[in-house]
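Colleague: Pasting a structure below so you can have a look.
Derivation of every value follows stated rules applied to the coordinates shown; laboratory data play no part. On a predicted model such as this, the values are computed, not experimentally measured, just so you know. Cβ sites come from the backbone with ideal geometry, for glycine too, and all protein chains shown count toward neighbours.
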Amino acid sequence: MKAVVRRAIKSDSEAILNLIQELAAFEKEPESAQLSLKDIERYGFGAKPLFHCLVAEVENQVVGMALYYERFSTWKGPTLHLEDLIVTETAKNQGIGTQLYAAFIQQAYAQGVERIDWNVLDWNLPAVHFYQKSGATVLHEWSTVQMHKAEMKAYLNSIQS
């Protein structure tokens, strides 16, 4: 199925939020998606957006997205980080994810970045194989490290004692 892939606009915010919630459920963490519609509008479409987004539309319905942001690598320079590539369950296996992936890579290449990166869950083998087949390197030696606000506060309190 051929989708129209375009840059997201503010009126896509609700569809973006719905896709994020669907992804959280797929990743078995529905309670972890805590962004609100106002957050999407403010952080993605305000004066200084913190992320960019490509959406895929079929019959004027957003069915997928690629959400990304700019980073800087101390080894490579400007990079883009693909935070999430999501296609709604009803539109999977129709080539829409591939269209979004290609559009994101085209965007990165046009911007002249030296690298793109993203994370993939090790149990999501179809995604791992897709990325490897596309020429991407899946780094098994690296672990993702996260610290949430409560842990930041606890750490800062512990070193101030």
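Colleague: Can you give the angle from 0 to 90° between the axis of helix 13-26 and the longest principal axis of the chain, with both taken from C-alpha atoms, to the nearest 10?
Modeller: Taking the Cα atoms of the chain, the angle to 13-26 is about 70 degrees.
Colleague: How long is the gain from S32 to E70 if the chain were fully straight, where each residue apart is worth 0.36 nm and the alpha carbon distance is subtracted? Can you show the working numbers first?
Modeller: Details: separation 38, 0.36 × 38 = 13.68 nm, distance 2.32 nm.
Extra length from S32 to E70 when fully extended: 11.4 nm.
Colleague: Compute the angle between helix 149-159 and the longest alpha-carbon principal axis of the chain, please, reported from 0 to 90 degrees and rounded to the nearest 10.
Modeller: Roughly 20 degrees, rounded to the nearest 10.
Colleague: Give the relative contact order (percent, whole number) for the stretch 60-145; include only Cα pairs under 8 Å separated by 6+ residues. Intermediate results must be reported in sequence, preceding the final value.
Modeller: On the way: 91 pairs, mean separation 22.0, N = 86.
The value is 26 percent.
Colleague: Can you compute the helix-only [θ] at 222 nm over the chain? Use -39500 (n - 2.57) per DSSP H run of at least 4 residues, normalise by all residues, nearest 500 deg cm²/dmol.
Modeller: Values: 5 runs with 59 residues, N = 161.
Rounded to the nearest 500, the figure is -11500 deg cm²/dmol.
Colleague: Additional query: May I ask you to derive the relative contact order of the chain, considering only C-alpha pairs under 8 Å and at least 6 residues apart, and to give it as an integer percent? Display every interim value, and only then the final one.
Modeller: Numbers: 196 pairs, mean separation 29.5, N = 161.
Rounded, it is 18 percent for the chain.
Colleague: Work out how much length K153 to H81 would gain on full extension: take 0.36 nm times their residue separation and subtract the Cα-Cα distance, in nm to one decimal.
Modeller: Working: separation 72, 0.36 × 72 = 25.92 nm, distance 2.61 nm.
Gain on stretching K153 to H81: 23.3 nm.
Colleague: Now, a different point. Would you please give the residues with an amide H less than 5 Å from that of S73, counting only those at least 5 places away or on a separate chain, with H modeled from the backbone geometry?
Modeller: Amide H neighbours of S73, under 5 Å, 5+ apart: T79.
Colleague: Note down the nm distance, to one decimal, between modelled labels 7 Å out along Cα→Cβ at V128 and at K92.
Modeller: Distance between the two pseudo-spin positions: 1.7 nm.
Colleague: By average Cβ neighbour count within 10 Å, what is the ranking of 54-62, 137-145 from highest down? Don't skip to the end; give the middle numbers.
Modeller: On the way: 54-62: 17.0, 137-145: 7.4.
So the peptides 54-62, 137-145, ranked by packing, come out 54-62, 137-145.
Colleague: List, in the order given, every pair from K92/K153; K48/K149; K10/K153 whose Cα-Cα distance in the structure shown is over 29 Å.
Modeller: K92/K153; K10/K153
Colleague: List, in order, the whole-Hz ³J(HN,Hα) value for each residue of the stretch 117-125 obtained from phi through the Karplus relation with A = 6.51, B = -1.76, C = 1.60 and θ = phi - 60°; use x for Gly and Pro.
Modeller: Karplus values, whole Hz, x for Gly and Pro: 8, 6, 10, 9, 5, 5, 7, 8, 4.
Colleague: OK, next. Within the stretch 1-62, report the trypsin sites (Lys or Arg not before Pro) that DSSP leaves as loop and that have at most 15 other Cβ atoms within 10 Å.
Modeller: Numbers: sites: K2, R6, R7, K10, K28, K38, R42; in loops: K2, K28.
Counting only loop positions with at most 15 other Cβ atoms within 10 Å, the trypsin sites (Lys or Arg not before Pro) in the stretch 1-62 are K2, K28.
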